[in-house]
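Derivation of every value follows stated rules applied to the coordinates shown; laboratory data play no part. Just so it is clear, the structure is predicted and the values come from calculations on it, not from any experiment. Reconstructed Cβ throughout: ideal geometry from the backbone, glycine too, with neighbour counts over all protein chains shown.
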Amino acid sequence: MSPRESRIGEPSEAAKRKVREMAVWLLELAKVTHTYRQLSEMLNLQITVLSRYVKKAVIPSYERSVEIVKTLSQVVNLENTLIDLLKNVTPEGFFDNSKIIGNPVILKYAALECVRRFQGYRVTKILTPAVDGIPIASACAVELDRPLIIAKKTKEVGVEKFTEYSYTTEDGEVVSWYIPFKSITQSDSILIIDDVVRKAETLKAMINLVKQSNAEVAGVYTLITIGDSYKQVVGNIKYETVLLGVAGAELRFLRKHNIREVKI
């Protein structure tokens, strides 16, 4: 084999390292919804070996990692993991999200997915509404290495001046959102992140806070979107969601043009 053929056929050490890291990442994600016994049968590996991989006591070899990635990538992904964790979903799309926003493995993978989807986009800061959006936004801020701004419904003591946006809900309630004045400047490009978008009223408030600061919206990233109310709000803004749910007698999630039913 010539040197040129060897270079083409043999992955670099850096590429091999990435594959080994990916194998561990997929095992961590798979462990959220699968038992060690299930993974053992799936991968034909001993439970004790898998446990050491997941706990990062040992990193699988490159050759074994290739097989792990090949097998798990067909059955384990962020979308399916989120669906498996959704319990007691109402027809309107309400559910207990504590197992999602409280799980560090899911937050890590959601953040990596955010980085992938907004690769090449100029993002200077991240904006999220309190409170449930904070965990995923914080994880994304770490991976993107960008400052995080948290919009709140109350004026924080110690802050002298605020940028404010208020709106009236369908029930007649006036809702106000505040961020510290000049926490967003004219030169900023803001990525808005939230865990769930339903009626998009909060999303609209976040967009208006950015506009009032004379900055631009780089995009919107959310884990779960229910319905299509967001379309009228975002317009031409880049909008990325991991799961898109269609509310009805049963909540259906659209993924890659397929529909998975979530029984309620």
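A few comments on the model shown:
- For segment 37-70, a tally of residues being of a type outside the set (A, V, I, L, M) and crowded, with 18+ Cβ neighbours inside 10 Å returns 3.
- Residue ranges of helices (runs of 4 or more DSSP H) in segment 26-114 with at least 1 members touching a helix residue (DSSP H, G or I) at 6+ places or on another chain (Cβ under 7 Å) and under 30 Å from Lys199 (Cβ atoms): 78-85, 98-101
- Pairs, first within 17 Å of Gln46 (Cα to Cα) in segment 65-77, second surrounded by 12 or more Cβ atoms within 10 Å (Cβ to Cβ) and hydroxyl-bearing (Ser, Thr, Tyr), C-beta under 9 Å, six or more apart: Ile68/Tyr53
- Looking across segment 123-138, just one residue is polar (S, T, N, Q) and surrounded by 18 or more Cβ atoms within 10 Å (Cβ to Cβ), and that is Thr128.
- Top-ranked residue of segment 139-169 - restricted to ones that are outside any strand (DSSP E or B), crowded, with 17+ Cβ neighbours inside 10 Å and of a type in the set (Gly, Ala, Ser), ranked as farthest from the chain's Cα centre (by Cα): Ala141
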